[in-house]
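Before any comments, here is the structure.
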Amino acid sequence: MPPQGAAYDADWILSNTSNVHVATDRAWFTTYMPYRTKVSPMPGAQPSIEIHGIGTVVLPTRTHRNGKARKPSREITLHHVLYAPHSATNIFATACGMEPELDIPPTGRGDVTSVTEHGTNKVVGLIVHLKLPKLWLKGQPQNQSSLNPQAIHYIHASWPDGEISKYKTFVTEFNASQSRSLTPEEKKVLKQNYGGEFKFLVSYGLSIHKQADRQEGRRILRHLMTGLEDKDNTMEDANDDGDNDKQSVDSDDFQAEIERDPASHVADYKFTANQLDYLRNHYGHPGDFIRSHGLSPWDDDDCILAVQVLEELMNDDNDDDDDDDDDDYEKQSVDSDDFQAEIERDPFSHFADHKFTANQLDYLKKYYDHSGDFMRSYHLKPWDDDDCNEAVRRLKKFIDADVERGHW
């Protein structure tokens, strides 16, 4: 789903000197792989713009020039787009061969030109020639631009050949690793922690009967196991420095949690010691906290969002403390013991909690135990945004009816 507001309205500038597309917002991506590299902001300059990932972007485009839409909107799909959150704007690279299925006219000034489908001449988008040429997206006014019209802009992105070669090698090795069968060690981890591959896949909403789902499950498992190796190394370094006694989670508990849930401490390094203490008291460990908000512990961007959510929660608790509300913990609709037990019994029990208000969660606790049971009782999936929105809509009707009858 495209981003909303200012992120959607950020220009997609056409650049015939760039050799790679660039997007500034993660929400643009329909497929995405975390990958770290850098691009250059000018030809011949040292790479300095940080790249966080790469994937496919689908742009909803306008195909009519004046008035209300008389033609259906179209879409342009860009491949191998780099995610650069600190880039000045989005870049649509038009160098020869970048998007062979599109015919893009030379850039000019003061008019609107068409992007057509190669071989059919079907119009799939329009280019508005303002100070810099930009792709005209669906729902945007013709002369709208996110760039300062009084400033001089040079929009460019060069991905060095050496970095491209590294990425191609990475993709080749990654694909090979994901397609191979489970190793004896991986099977052992699945058996010990999940009871086997079938239960592991179910816990992530995947099916053992679909090859694509099995490959996705292997990818997740290998991410988890890599995270465990990194965590073990971090623990060894801490022990060498004599800091073991200062850790917020002691080694026995840590090991037990890792054995029960390989993702429990994958993202620990993203949080401060104070935040880890808070998570331990309220959620058991970071893994449960992150997944309770529908996020992935092995995804960098999801971890950053989890930290932001946690900071807001901790700030709210601090505000309550200022009001002498020392019993806040006991007043939570789900205490940490119940929460932990429910997560262990059902990984999706609180997966969609972040979609509901506190009052709605209290209602769910009373009548359905948790949001996971409520959603699945209506054949809705806790990990699907559209299903979550439908669940919220239905729940609101139930609560409104009970309020009217005086039952809530």
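The values are calculated or read from the model by the stated rules, or taken from the named source; none is laboratory data. Quick caveat: nothing in here was measured; it's all calculated off a predicted structure. A quick note on method: Cβ atoms are made from the backbone with ideal geometry, for glycine too, and the neighbour counts reach across all protein chains shown.
Values as computed for the structure displayed
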read-out: Selected residue [over 25 Å from the mean Cα position of the chain (by Cα), under 18 Å from ILE54 (Cβ atoms) and among the small types (Gly, Ala, Ser)] from SER158, SER181; value: SER158
read-out: Answer from HIS354, HIS370 - the residue that is outside the structural domain of ASP261 (by TED's automatic domain parsing), in contact (Cβ under 8 Å) with a residue 12 or more places away in the chain, buried (at least 20 other Cβ atoms within 10 Å of the Cβ) and not β-branched (Val, Ile, Thr); value: HIS370
read-out: Close pairs (6 angstrom Cβ cut-off, 6 or more residues apart or separate chains): assigned by TED's automatic domain parsing to the domain that holds LEU221 in region 184-200, in a loop (DSSP other than H, G, I, E, B) anywhere; value: LEU190/GLY196; ASN193/PRO262; PHE198/ILE208
read-out: Residue list for region 11-47, restricted to those being within 24 Å of the chain's Cα centre (by Cα), of a type in the set (Ser, Thr, Tyr) and farther than 22 Å from GLN140 by Cα; value: THR31, TYR32, TYR35, THR37
read-out: Single condition PHE29 does not satisfy, out of (1) surrounded by fewer than 16 Cβ atoms within 10 Å (Cβ to Cβ); (2) modelled with pLDDT of 90 or more; value: (1)
read-out: Failed item in (1) at pLDDT below 80; (2) assigned to a helix (DSSP H, G or I); (3) more than 16 Å from the chain's Cα centre (by Cα), with ASP301 passing the rest; value: (3)
read-out: Cβ-Cβ under 8 Å pairs, at least 6 apart or on other chains, region 154-167 side farther than 20 Å from LEU130 by Cα, far side surrounded by fewer than 18 Cβ atoms within 10 Å (Cβ to Cβ) and of a type in the set (A, V, I, L, M); value: SER158/MET42; SER158/ALA45
read-out: Complete set of residues in region 153-178 that are among the polar types (S, T, N, Q) and within 12 Å of ARG222 (Cβ to Cβ); value: SER177, GLN178
read-out: Unmet criterion (only one of (1) basic (Lys, Arg); (2) at pLDDT 85 or above; (3) in contact with a His (Cβ under 6 Å, 6 or more places away or on another chain)) for ARG62; value: (3)
read-out: Close pairs from region 37-55: first in the same structural domain as LEU82 (by TED's automatic domain parsing) and polar (S, T, N, Q), partner in a loop (DSSP other than H, G, I, E, B) and buried (at least 17 other Cβ atoms within 10 Å of the Cβ), Cβ under 6 Å, at least 6 apart; value: SER40/PRO47
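Residue by residue, here is whether (1) of a type in the set (D, E, K, R); (2) closer than 22 Å to ASN16 by Cα holds:
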| position | (1), (2) |
| --- | --- |
| TYR154 | no, yes |
| SER158 | no, yes |
| ASP161 | yes, yes |
| LYS166 | yes, no |
| GLU173 | yes, no |
| ALA176 | no, no |
| THR183 | no, no |
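Here is a yes/no grid of residues against (1) crowded, with 17+ Cβ neighbours inside 10 Å; (2) at pLDDT below 80; (3) farther than 23 Å from ALA341 by Cα:
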{"site": "ASP230", "(1), (2), (3)": "no, yes, yes"}
{"site": "ALA238", "(1), (2), (3)": "no, yes, yes"}
{"site": "VAL249", "(1), (2), (3)": "yes, yes, no"}
{"site": "ASP252", "(1), (2), (3)": "no, yes, no"}
{"site": "GLN255", "(1), (2), (3)": "no, yes, no"}
{"site": "THR272", "(1), (2), (3)": "no, no, yes"}
{"site": "ASP277", "(1), (2), (3)": "no, no, no"}
